[in-house]
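Undergrad: Just dropping this structure here.
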Amino acid sequence: MEKDVLILGIESSCDETAASVVKNGRTVMSNVISSQIDIHTLYGGVVPEIASRKHVERINQVIEQALKDAGVTLDEIDAVSVTYGPGLVGALLVGVGAAKAIAYAAGKPLVGVHHIEGHIAANYLEHSDLEPPFLCLVVSGGHTHLVRVLEYGRFEIIGYTHDDAAGEAFDKVARAIGLGYPGGPKIDKLAKEGNPHAIEFPRAKIDGCEYDFSFSGVKSAVLNYLNGCEMKGIEVNRADVAASFQQAVVDVLVGRAVGAAQKLGEKRIAVAGGVASNSALRAAMKQACDEAGLGLCYPSQIYCTDNAAMIASQGYYEYMAGTRHGLDLNAVPNLKIGQR
């Protein structure tokens, strides 16, 4: 019997300080997340300097708890994996610094992991039958990508956003209608009380780029609608605005993903990233995939938002492929997917 491989994962790319131990890339032995949402809600969004300081305060305790919850010691860990980009540079540096210190002190291999590749790998944690190749729709606050996962460590971007990411548009619209931060979950909740067809917001298409996205237009359309109502003295139905905006975004995400899968001959779609927890997106994607005869998977909500289990999972596949980083590993805030 082959020896189990245990990976310690560390994630600090934005406002969650997280650590996890994952066995063989699929079995989560611990998953500790220290969120800063309550702090940043006071400011209406993530304040990078505050995020970095909080990571410094919490990183050691989070890692210690992850090892304790998993019932293992550093001696039993095979490698240390850490997010080194993309993300907020100050926040990334805290996780990278901690991972390098642990790897050096414990004499363990160091494996840097791309944050978005980690989000894709989150699907491996609960779908034991999921293996490449497949198509993945990555939707988060900072990224909206359509990615062909060719192998565990080989990716092809076939579509991306030309401006706002889907999650960013959710946050900005939520702020405009007075919901505050974080916008995605609040719009999802309020939209359940509204009519998704009450207001016809635009669904952007990019000429010559059939799989690309643009959400700046729909965001601006919502702002123009709100301004128009204010000028005319019309009372705004916030639930209808939230539902109609959400429907416009979901229609584009689902249409692009399913269309790409059909044209490229992919049999299964995975969804990843914070927006993957959106209930309307999940429902619409399931219906569209069922109608098209496509398989569909997505992580539980805890693995949609930033976490270290996904970093440990992708770290496992990188480790098994021979990826190793030296102590000169640095944070790369604009790291491109597939970049090594």
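Undergrad: Across segment 42-95, what is the total count of residues that are more than 23 Å from Met29 (Cβ to Cβ), of a type in the set (D, E, K, R) and without any contact (Cβ under 8 Å) to a residue 12 or more places away in the chain?
TA: Going through segment 42-95 one residue at a time, the tally reaches 2.
Undergrad: Going by the structure shown, is Val22 over 17 Å from the mean Cα position of the chain (by Cα) and either under 27 Å from Tyr124 (Cα atoms) or touching a residue at least 12 places away in the same chain (Cβ under 8 Å) (or both)? If you could, list the steps in order and put the result at the bottom.
TA: On the way: over 17 Å from the mean Cα position of the chain (by Cα): yes; either under 27 Å from Tyr124 (Cα atoms) or touching a residue at least 12 places away in the same chain (Cβ under 8 Å) (or both): yes.
Spelling it out, Val22 is indeed over 17 Å from the mean Cα position of the chain (by Cα) and either under 27 Å from Tyr124 (Cα atoms) or touching a residue at least 12 places away in the same chain (Cβ under 8 Å) (or both).
Undergrad: Would you point out which residue out of Arg154, Arg58 is within 28 Å of Arg268 (Cβ to Cβ) and surrounded by fewer than 24 Cβ atoms within 10 Å (Cβ to Cβ)? Even if it seems obvious, please write down each step before you answer.
TA: On the way: Arg58 fails: within 28 Å of Arg268 (Cβ to Cβ).
From the options Arg154, Arg58, the qualifying one is Arg154.
Undergrad: Could you tell me how many of the residues in segment 151-177 are touching a Lys or Arg at 6+ places or on another chain (Cβ under 7 Å) and part of a loop (DSSP other than H, G, I, E, B)?
TA: Number satisfying all stated conditions: 2.
Undergrad: Are there any strands (runs of 3 or more DSSP E) wholly within segment 1-101 with 1 or more residues that are basic (Lys, Arg), and if so which?
TA: Values: elements: 6-11, 16-23, 27-35, 79-85.
Counting at least 1 such residues, we get 16-23.
Each row is one residue, and each column tells you yes or no for (1) more than 29 Å from Pro133 (Cα to Cα); (2) more than 19 Å from the chain's Cα centre (by Cα); (3) part of a strand (DSSP E or B); (4) in contact (Cβ under 8 Å) with a residue 12 or more places away in the chain.
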| position | (1), (2), (3), (4) |
| --- | --- |
| Lys186 | yes, no, no, yes |
| Asp207 | no, yes, no, no |
| Asn224 | yes, yes, no, no |
| Asn227 | yes, yes, no, no |
| Glu235 | yes, yes, no, no |
| Asp240 | yes, yes, no, yes |
| Gln246 | yes, no, no, yes |
| Val249 | no, no, no, yes |
| Val252 | no, no, no, yes |
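Undergrad: Looking at segment 265-340, what helices (runs of 4 or more DSSP H) fall wholly within it and have at least 3 residues that are among the charged types (D, E, K, R), surrounded by fewer than 22 Cβ atoms within 10 Å (Cβ to Cβ) and not assigned by TED's automatic domain parsing to the domain that holds Gly95?
TA: On the way: elements: 279-292, 301-304, 309-320.
Answer list for segment 265-340: 279-292.
Undergrad: Mind checking which residues of segment 11-55 are touching a helix residue (DSSP H, G or I) at 6+ places or on another chain (Cβ under 6 Å) and of a type in the set (S, T, N, Q)?
TA: Answer for segment 11-55, where residues must be touching a helix residue (DSSP H, G or I) at 6+ places or on another chain (Cβ under 6 Å) and of a type in the set (S, T, N, Q): Ser12, Ser13, Thr17, Ser20, Ser30, Asn31, Ser34, Gln36, Ser52.
Undergrad: Which members of segment 83-133 meet the condition of being charged (D, E, K, R), closer than 19 Å to Ala321 by Cβ and surrounded by fewer than 22 Cβ atoms within 10 Å (Cβ to Cβ)? Talk me through it step by step, then tell me what you get.
TA: Within segment 83-133, the first condition is being charged (D, E, K, R), and the residues that meet it are 100, 108, 117, 126, 129, 131.
From what is left, the residues that are closer than 19 Å to Ala321 by Cβ are 108, 117, 131.
Correct list: Lys108, Glu131.
Undergrad: Pairs under 7 Å by beta carbon, first residue within 20 Å of Asp306 (Cα to Cα) in segment 107-118, partner among the acidic types (Asp, Glu) and not in a strand (DSSP E or B), six or more apart or different chains?
TA: Val111/Glu318; Val113/Glu318
The values are calculated or read from the model by the stated rules, or taken from the named source; none is laboratory data. What you see is a predicted model, and the numbers here were worked out from it, not measured in a lab. Cβ atoms come from the backbone with ideal geometry, glycine included; neighbour counts cover every protein chain shown.
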